[in-house]
Amino acid sequence: MAFLLRFSQSLGIRNKNDVTVRWANESKPSLGGIGFFVAFFFGTVAYSVIFNNENIFQNRQFVGLLTAGTISFIMGLADDAYNTRPFIKLFVQILCGIIFVYTNNVIELSEIGWLNSVITVVWVVGIMNSLNMLDNMDGITGTTVLFILISCLATNIILFDWNMNIWTLTMFIQIGATIGFLSYNIHPSKLFMGDAGSQFVGLFVSFFSIHELWNVGNNTQLNPLTGAAVTLIAFTPAIADTLTVVINRLRKGKSPMVGGKDHTTHHLVYSGLNDRQVWIVFLGIGLMATIVTVLAVVFAKMGNPWMAFFLTSYFFAVFFVLYRNTLIHKK
């Protein structure tokens, strides 16, 4: 990451004087997220060389992740450089979701195949946009992604015991890359994630949330909605923020897709916190979300799906507090 920072001082810096969407008005490199894709790519190469007896390129799901991940990264990189049109970004996000469906990484909530496919595509598009929207203040999106990935890894270990395979190794590598990025992105940051980062990590966590979290119910022979409950808990920071923004903008007759300084993070600043304290708040929310997710998965493995539904109360509690704060402490 230090190498990237040294040689990218003039890359990804656009809209220098645009302070409408960006919380910070400093001019900084916004290609920090390139480290996520580089780690993923070289991790793939290393795994294919070390475990050459296992041809990961015959693994249809992994090929889907590699293909969609590359496409999302290139699209984000183009957006950092040229500020691409929203329609193009949406098209690429939908394409990534379709690739997941085609390569059998699908949210299995019902016995209706086409409905599962639609839900999968909507989830991929939603998370890619959610994390992109959440990337509005130092350290917030990186910290959220970190705890989501830890939740996914912990779920894999709980349900399938410890097994070093392409999935666990890939999650380990991305967790390491995220920690490395955060060391430069926590306030006061030296670089931003950029769309190259937010689009790729959004795609990445949407994949592993499907692979590890959404299908918890099926993997434990319980109600498929058990996985939905587990996923909601793990994504508490991102979903609570996005839901709050959408509700408030619709109430004001504004488009949810237009940027602005009306996120839960911004309102925490309006309430009197500084940037670093806001990050600490989201650090705590993400940490607790992971702990509660692990508890829900443990109970699911024991054959108790009701605890997962009960534990979703954590999400609703966080959402209520953050949403209420936006009504009390306005800009």
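The values are calculated or read from the model by the stated rules, or taken from the named source; none is laboratory data. Predicted model only: the values in this text are computed from it and were never measured. Neighbour counts are summed over all protein chains in view; Cβ atoms, including those assigned to glycine, are modelled from backbone coordinates with ideal geometry. Heavy atoms of the whole protein, side chains included, go into the accessibility calculation; ligands, DNA and RNA do not. Shrake-Rupley method; radii C 1.70, N 1.55, O 1.52, S 1.80 Å.
Listed values, structure above:
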{"read-out": "Ranked by how many other beta carbons lie within 10 Å on average, peptides 196-208, 307-319 from highest", "value": "196-208, 307-319"}
{"read-out": "Choice from ASP275, ASP161, ASP135 with maximal GNM fluctuation in the chain (Cα, 10 Å cutoff)", "value": "ASP161"}
{"read-out": "Span-rule helices in the chain, defined as complete DSSP H runs reaching 27 Å or more along the axis (Cα) with Kyte mean at least 0.0", "value": "60-82, 113-134, 140-160, 166-185, 275-301"}
{"read-out": "Burial ranking of peptide ranges 234-240, 69-75, 33-39 (average Cβ count within 10 Å, highest at the top)", "value": "234-240, 33-39, 69-75"}
{"read-out": "Convex hull volume per residue in cubic angstrom - Cα atoms of the range 211-331", "value": "107 Å³"}
{"read-out": "Value at 222 nm in deg cm²/dmol, rounded to 500, when DSSP H runs of n ≥ 4 in the chain each add -39,500 (n - 2.57)", "value": "-22500 deg cm²/dmol"}
{"read-out": "Value in Å of the Kirkwood radius, where the chain supplies the Cα pairs that are averaged", "value": "20.1 Å"}
{"read-out": "Highest-first arrangement of 251-259, 143-151, where packing means the average Cβ count within 10 Å", "value": "143-151, 251-259"}
{"read-out": "Alpha carbon convex hull of the range 107-203, volume per residue in cubic angstrom", "value": "106 Å³"}
{"read-out": "Gained length - VAL45 relative to VAL122, 0.36 nm times residue gap less alpha-carbon distance", "value": "24.7 nm"}
{"read-out": "Whole-percent carbon and sulfur share, accessible surface of the chain, 1.4 Å", "value": "66 percent"}
{"read-out": "Most mobile listed residue (GLY142, GLY64, GLY284) in the chain, GNM with C-alpha springs under 10 Å", "value": "GLY284"}
{"read-out": "Radius of gyration, Dmax [the range 54-115; alpha carbons; angstrom]", "value": "14.0, 43"}
{"read-out": "The chain, accessible area per residue, ligands and nucleic acids excluded (1.4 Å, Å²)", "value": "45 Å²"}
